[in-house]
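Input: a single structure, listed below in structure tokens.
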Amino acid sequence: MTRIAGAPLAVLDQIRSWHEGRQARRLARLAIDDGIWRQVMAASPVFDNMSDAAKGRLRDLSTRFLLEKRFFGAQGFLIHPSVSVSIAAQACRLVLHMELDHFAPFRTIIVYPGSFVAEREEEDELGIVHSGYEELDGESMEQGAVVLAWSEAQPRQELGTSNVVMHEFAHKLDEASGSQNGVPILHPEMNPTHWQLALRGAYTRMVEESQRAVSEGRVAATVIDDYATTNPAEFFAVCVEYFFHAPEFLAENLPAVFEQFCAFFREDTRHFADWIPPEPDQ
Ligand SMILES: [Zn+2]
């Protein structure tokens, strides 16, 4: 009786231990090589000044990201682990204080060695569709793949405000709400009206200033890269680049946007600190 009653438990134990062993072997196979991780962490200023705990979380997120996504090299480009780990770490840096499911669902990342040409169709104000070609460094297709040019996506130490990987994955954060429109899924504690006032307000002012400059025959001097005036989705993605690469500049020039980003990304990138929301006005 004892043996009969004990048998299923033994079988369950065996199954559990087999399952745990399989999981451990799978994770070990997927583990990011220490040397490659150190190389990736040293390559970009966005990883500077991160605590060991933060880097540990980033490594966990990156490992899961690599497990979920499929990388394809275009035009014969070879996806070396240093390429996929670098892209994963830069993308996951965005969601360090969130989760991977804050990105819209997508599976494919295509990497070209350099800039690539994409076919474009645009409708003018008369409703006539014009087709043509555009040379791109990155693209985030709605409900589709992220496409990157490695020549631009590989991190550099020199400080700048441009980061094509963060830009394209910012579009995937934005898209999680249903479309790329500059409004991602906000956290429950955030106020959507405040987000709209801050981002749409800054975007509209920048577009108006740009149009005024053109009508007066002068070059528009937008506060941030004028690609941000393309549409609200590009404004959001360009501001994300500044949030991680030039936080002081963004906080000084677009303070309302910066404050909303601190709440959304749950960190103050000026101080590499968690975001503590300000006390509500008395
Ligand atoms: Zn974009």
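If one computes the Cα centroid of segment 58-81 and of segment 246-261, what distance in Å separates the two points?
Going from one Cα centre to the other spans 31 Å.
Per residue, how much space in cubic angstrom lies within the convex hull of the C-alpha atoms of segment 37-179?
Each residue corresponds to 121 Å³ of Cα convex hull volume.
Under the rule of -39500 (n - 2.57) per DSSP H run of 4 or more residues, summed and divided by the residues of the chain, what mean residue ellipticity at 222 nm is obtained, to the nearest 500 deg cm²/dmol?
When only DSSP H runs of four or more count, the value is -16500 deg cm²/dmol.
What's the angle, to the nearest 10 degrees (0 to 90), between helix 232-245's Cα axis and the longest principal axis of the chain?
With both axes taken from Cα atoms, the answer is about 70 degrees.
Give me GLU241, GLU20, GLU125 ranked fewest to most by other Cβ atoms within 10 Å of their Cβ, as a rough exposure proxy.
Lowest count first: GLU125, GLU20, GLU241.
Against the longest principal axis of the chain, how steep is helix 2-30, in degrees 0 to 90 to the nearest 10, with axes from Cα atoms?
40
Per q in 0.08, 0.10 Å⁻¹, report the Debye log10 I(q)/I(0) for the chain, using one uniform scatterer on each alpha carbon and no solvent.
-0.41, -0.60
Rounded to the nearest 5, what % of DSSP beta bridges with both residues in segment 82-193 are antiparallel?
75
When a/c is below 1.5 the answer is rounded, else prolate if a/b is larger than b/c, else oblate, so apply that to segment 129-186 with a ≥ b ≥ c taken from the square roots of the Cα gyration tensor eigenvalues.
Verdict is oblate for segment 129-186.
Can you pull the percent of Cα pairs in segment 154-197 with separation above 18 Å?
Of the Cα pairs, 44 percent sit more than 18 Å apart.
With both bridge residues required to lie in the chain, what share of the DSSP beta bridges run antiparallel, to the nearest 5%?
Around 60 percent antiparallel, to the nearest 5.
For segment 181-282, I need the span (max minus min coordinate) of the C-alpha atoms along each principal axis, in Å, sorted largest to smallest.
For segment 181-282, the Cα extents along the three principal axes come out at 45, 27, 26 Å.
If you line up the long axis of helix 52-68 against the longest principal axis of the chain, both from Cα atoms, how many degrees apart are they, to the nearest 10?
So the helix axis and the longest Cα principal axis differ by about 80 degrees.
Values quoted throughout were computed directly from the atomic coordinates according to the rules given, and no laboratory measurement underlies them. Please read all numbers here as calculations on a predicted model, not as lab measurements. Ideal geometry is used to build each Cβ from the backbone, glycine not excepted, and the neighbour counts take in all protein chains shown.
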